[in-house]
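The structure appears below as structure tokens.
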Amino acid sequence: MAAAEKALPAAAAVLPAEERQDLIDSVGAQIALAKGDPSKSTRRWPSLPKRKPTMRRRRTNRLGTGHRPLFLKKPNFALAEKCALRAVALSKEKEGDKLDTLARLRWLQGRKAEAVQLQEKAVAAATDSEMKGILQQTLDALKKGSCPRRRSWPTRIAEAMERRDFLAHSAAWLGTSLLAGCAARPGTARIRPITHGPKFHWRGYYDKFLFSADDRFVLANETSFEGRSPTQADSIRVGMVDTQDGDRWTDLGGSHAWNWQQGCMLQWVPGSDRDVAWNDREDGRFVTRILDVKSGRTRTLPHPFYTFSPDGRTAFAPDFARLDVTRPGYGYATGADRDPWKLVRMPADTGIWRLDIATSRQRLLFSIADAAQLPFTGPAASAFKPDSVHWFNHLLCNTDGTRLFFLHRWRTPAIGPASARVR
């Protein structure tokens, strides 16, 4: 919401003065509702003749022109038309979703022949096969005399649109793909480096919480070399950048358990505004460090972690030593021979571990042998064999902590070292 509020004035600035407030009111109504204040939303929209409202909750907060949320009481088709036309012009009629929005608007305005023509252009402009299929279904429906609800785009399309068109689709039914063009204009976003040489810095893995709760501090790894794989002897420093104090670097500690892909799992502990966690090595074993950045107190847990539950009370981890052999670049160096065929193929004493953060107790949650007993339902050519080597990687909790996701991978000698398969 904060990002939308900050970007809204710049987006509205491209409209004629007499239309800016309408756009600000429209998007502001949705922001107010999202913040839990429907009173502001309803005050922005006068009463409308009664009709049964519908609302579909969408993952990426996108609503088509034909979808009227409960809080949109009075559609402003004039403003919607100008926004949609502007979006189509900015995209030079080369983006199917923009043309689809305008086509739906034309249909609601009663200009059905023009709607069909625009939808034909939308289908022709779509470059993704899945999007083209969805747009074609809409075109078929328009030709038969109805305008269907806009379907949710396939996940990979939605994610791309979300990155590119955050403001466009948060503005919903207005056809404010306009905002995407505004947000992408040169000069509206400032980018700066927050770390500097001569040492090298990088972030941890994509699913880690690197920003503090107040968005002021950013966690990062620091090393003095690059261009080769780390060994047992190599260490990195971990620290945080104060983005409100000249990007000042504060050193938090070090790690001897890390890789280039994921660093040392450096992150803020979920639910805490002061605890930072990362993996390290102590007396030949992998451990977890949890530092209270406000008091300076550090706890050491006798086991490593990969991911936390959303409440920060539980952590989960695979066998990082095994992972270093089976998937170099994701495990932690031990000095062992990286020959996967020398490993126990499907051990029962290692796999995914559950770690209680409060008590430091760890237990084996799901073994590799357990996974190897589950029938493989994919293509027969990809199935694991009795002599396949198995491992786990990429653990992640769902948002309420009731499910743990992970990848079960394996390699088969007959196929060779490049035979990695996954489910």
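The values are calculated or read from the model by the stated rules, or taken from the named source; none is laboratory data. On a predicted model such as this, the values are computed, not experimentally measured, just so you know. Neighbour counts are summed over all protein chains in view; Cβ atoms, including those assigned to glycine, are modelled from backbone coordinates with ideal geometry. SASA here: full protein model, heavy atoms, side chains in, ligands and nucleic acids out. Shrake-Rupley method; radii C 1.70, N 1.55, O 1.52, S 1.80 Å.
Here are the numbers for the structure shown:
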| item | result |
| --- | --- |
| Inter-site label distance for K385 and D128 at 7 Å from Cα along Cβ, in nm | 3.9 |
| Relative pair counts by distance (%), Cα atoms of the stretch 260-299, 5 Å bins | 6, 24, 27, 24, 13, 6, 1 |
| Peptides 256-265, 135-144, 202-211 ordered by average Cβ neighbours within 10 Å, highest first | 256-265, 135-144, 202-211 |
| Carbon + sulfur, % of accessible area of the stretch 261-376 - ligands and nucleic acids excluded, 1.4 Å | 46 |
| Residue-count net charge about M265 - beta-carbon cut-off 12 Å; Lys, Arg +1, Asp, Glu -1 | +1 |
| Under Karplus coefficients 6.51, -1.76 and 1.60, residue-wise ³J(HN,Hα) of the stretch 369-377 in Hz, glycine/proline x | 4, 4, 5, 5, 7, 7, x, 8, 9 |
| Amide H within-cut-off set for H303, under 5 Å, with H built and near neighbours excluded | T288 |
| Using a Förster distance of 25 Å, the FRET efficiency for L364-T298 (Cβ separation, nearest 0.05) | 0.40 |
| Residue pairs, from the table K112/K144; K92/K132; K92/K143, whose Cα atoms sit over 21 Å apart | K92/K143 |
